[in-house]
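Student: What follows is a single structure, and I will ask about it in a moment.
The values are calculated or read from the model by the stated rules, or taken from the named source; none is laboratory data. Note that the structure is a prediction, hence the values are computed from the model and not measured. Note that we place each Cβ from the backbone using ideal geometry, even for glycine, and neighbour counts take in every protein chain shown.
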Amino acid sequence: MSKFKVFITRPIREEIRAKIAEECEVDMWHTSAILPPIAERIPPLDGLMTYGHEPVSPEMIATAPNLKAISVVGVGYDHVHVETCRERGIAVGHTPGVLSDTTADMTMALLLAAARNIVPAYNHVQVAKEWHYYDPNILWGTDVHHSTLGIVGMGRIGHAVAKRARAFDMRVLYYKRERRPDWEQELGVEYATLENLLETSDFVTLHVPLTEDTTHLIGKAELALMKKTAILVNIARGPVVDHYALYDALKQGQIAGAAVDVTEPEPINTDHPLLDLDNVIVAPHLGSATIQTRMKMMTMAMENLLAGLKGEQLPYGVLQPNFPQ
Ligand code: NAP
């Protein structure tokens, strides 16, 4: 029997690639450059393993008439046109849950780095080599403990962030469409409207999926509601924030700072004005980037891919194989 043909859009660990190769013919894109059209890769393609960056559009899917399974290495699958997959009966899998704690750790890392001037400190000592004497007046940050954190979109990752924030004695407000009294009880978090959360919080962190409703959820009007001393953390998806509005707000001192793990577009253009500001930290989408978590994600994505190719139930499915058309 001929092997399934699979295209993997970014390099994965060799041991995972080797396991997939036991059952599939594997083509893996190794460079950082923009992907080639998938139709040009080992056609006819049966399976696609992808990260949450390049869009898997209806046009792209149309070029692969044999496509049976799309396996996303990540929890967010906004880049995959799920409706087209549903119509075609293509299985779609992702890797939820396993990265929540790791992404919550990174959220706190970004929040703390922005609040306590970690990047300027690094630049001062190690880049500029300007630390000549102890100066009690430089690089004053702002307190994280006993401040107020606003969590926008409190699901798996938001919940894990709330737990960490409570350990910092932070007051935690959260906003989502469906209130969670059980979490209010468990963690002592308080439900707020988006407006109230933005007006009240010292730190605002975003954990919504990217959907039509959440695209530019944080724009000019929302940034104007925030405190002048507030810091915004975006570790959800770049387009949740209007980057030009964010640039203006940071430049004009409407908010004090921002730390973003995700941008629009991704990677951000090197001449984007946001990169010239010193009150913003931009990380290259590192939310789940630890050895332990990335290995788990790749393993889950492999299990999803192999199940989908064989027409079996995906262990971590968004759409199961042969979804009714
Ligand atoms: P999740 O468990 O599905 O939580 C998403 C939360 O957003 C839910 O609480 C949901 O509650 C809320 N939400 C959805 N639409 C909303 C809207 N229109 N307005 C307000 N709240 C809304 O997802 P998760 O696992 O926590 O992941 C969240 C997102 O983080 C992912 O979709 C992904 O894009 C991103 N992510 C990024 C990284 C990274 O490396 N930077 C890593 C992992 C995940 P309601 O339905 O009640 O509104």
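Student: Only residues in the stretch 96-119 that are in a loop (DSSP other than H, G, I, E, B) count as the first member; pair them with residues that are of a type in the set (Lys, Arg) and more than 8 Å from the ligand (Cβ to nearest atom), Cβ under 9 angstrom, at least 6 apart or cross-chain, and list the lot.
Tutor: These pairs meet every condition: VAL98/LYS296; LEU99/ARG294; LEU99/LYS296.
Student: Select from the stretch 128-163 the residues that are in contact (Cβ under 8 Å) with a residue 60 or more places away in the chain and assigned to a loop (DSSP other than H, G, I, E, B) and list them in ascending order. Quick ask: steps written out before the conclusion?
Tutor: Our first condition is that a residue be in contact (Cβ under 8 Å) with a residue 60 or more places away in the chain; within the stretch 128-163, this holds for 142, 152-153, 156-157, 160.
THR142, GLY153, listed by residue number.
Student: Going through the stretch 1-22 one residue at a time, which ones are surrounded by 16 or more Cβ atoms within 10 Å (Cβ to Cβ) and part of a helix (DSSP H, G or I)?
Tutor: Of everything in the stretch 1-22, those that are surrounded by 16 or more Cβ atoms within 10 Å (Cβ to Cβ) and part of a helix (DSSP H, G or I) turn out to be ILE16, ARG17, LYS19, ILE20.
Student: Here is a follow-up. Take the stretch 179-190 and flag every residue that is within 12 Å of the ligand (Cβ to nearest atom) and either under 22 Å from the mean Cα position of the chain (by Cα) or exposed (fewer than 14 other Cβ atoms within 10 Å of the Cβ) (or both).
Tutor: ARG179
Student: When the stretch 82-102 is examined, which residues are found to be of a type outside the set (S, T, N, Q), surrounded by fewer than 23 Cβ atoms within 10 Å (Cβ to Cβ) and away from the ligand (no atom under 16 Å from the Cβ)?
Tutor: Those that are of a type outside the set (S, T, N, Q), surrounded by fewer than 23 Cβ atoms within 10 Å (Cβ to Cβ) and away from the ligand (no atom under 16 Å from the Cβ): GLU83, CYS85, ARG86, GLU87, ARG88, GLY89.
Student: Which residues, counting only those in the stretch 61-80, are more than 14 Å from the ligand (Cβ to nearest atom) and either crowded, with 20+ Cβ neighbours inside 10 Å or over 20 Å from PRO44 (Cα atoms) (or both)?
Tutor: Listed by number, the residues that qualify are ILE61, ALA64, LEU67, LYS68, ALA69, ILE70, SER71.
Listed here are the residues, each with its yes/no results for (1) more than 13 Å from the ligand (Cβ to nearest atom); (2) in contact with a Gly (Cβ under 8 Å, 6 or more places away or on another chain); (3) outside the structural domain of TYR247 (by TED's automatic domain parsing).
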| site | (1), (2), (3) |
| --- | --- |
| HIS159 | no, no, no |
| ARG166 | yes, yes, no |
| ASP169 | yes, no, no |
| LYS228 | yes, yes, no |
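Student: Only residues that are within 13 Å of the ligand (Cβ to nearest atom) and either free of Cβ contacts under 8 Å to residues at least 40 places away in the same chain or in a helix (DSSP H, G or I) (or both): list them for the stretch 191-216, please.
Tutor: Residues satisfying the conditions are TYR191, THR193, LEU194, GLU195, LEU197, LEU198, GLU212, ASP213, THR215, HIS216.
Student: While we're here: Would you please name the residue that is farthest from the chain's Cα centre (by Cα), looking only at residues in the stretch 45-69 that are under 22 Å from THR214 (Cβ atoms) and of a type outside the set (Asp, Glu)?
Tutor: Within the stretch 45-69, the first condition is being under 22 Å from THR214 (Cβ atoms), and the residues that meet it are 50-58.
Those still in the list that are of a type outside the set (Asp, Glu) too: 50-53, 55-58.
On the way: THR50: 14, TYR51: 11, GLY52: 8, HIS53: 10, PRO55: 15, VAL56: 17, SER57: 19, PRO58: 23 Å.
Within the stretch 45-69, the match that is farthest from the chain's Cα centre (by Cα) is PRO58.
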